[in-house]
1. Could you tell me how many degrees, from 0 to 90 and to the nearest 10, lie between the Cα long axis of helix 31-44 and the main elongation axis, the longest principal axis, of the Cα atoms of the chain?
2. How much length, in nm to one decimal, is gained on full extension between residue 46 and residue 16, taken as 0.36 nm per residue of separation minus their Cα-Cα distance?
3. In degrees from 0 to 90, rounded to the nearest 10, what is the angle of the helix 9-18 Cα long axis to the longest principal axis of the chain?
4. Can you classify region 21-61 as rounded, prolate or oblate using the Cα gyration tensor, where a ≥ b ≥ c are the square roots of its eigenvalues, rounded means a/c under 1.5, and otherwise it's prolate if a/b beats b/c and oblate if not?
5. Under the rule of -39500 (n - 2.57) per DSSP H run of 4 or more residues, summed and divided by the residues of the chain, what mean residue ellipticity at 222 nm is obtained, to the nearest 500 deg cm²/dmol?
């Protein structure tokens, strides 16, 4: 799991030198975790944030 998220050192070094911000995407499988995380993300966002959410049936617990 860890190695799938790894970034080659040369690429990361170049990003740092050029002052680029890293974008990321994470898939959350657990509906409960998603429902807990959404309000926290909205309150803490300082820039544009794009979310793709499933339909309402997915979140029925």
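1. For 31-44 against the chain, the angle is about 60 degrees.
2. 8.8 nm
3. The two axes meet at around 90 degrees.
4. prolate
5. The per-residue figure over the chain is -12000 deg cm²/dmol.
Read-outs throughout are calculated quantities, based only on the coordinates presented, and are distinct from any laboratory measurement. Just so we're clear, the structure is a prediction, and the values are computed from it rather than from any experiment.
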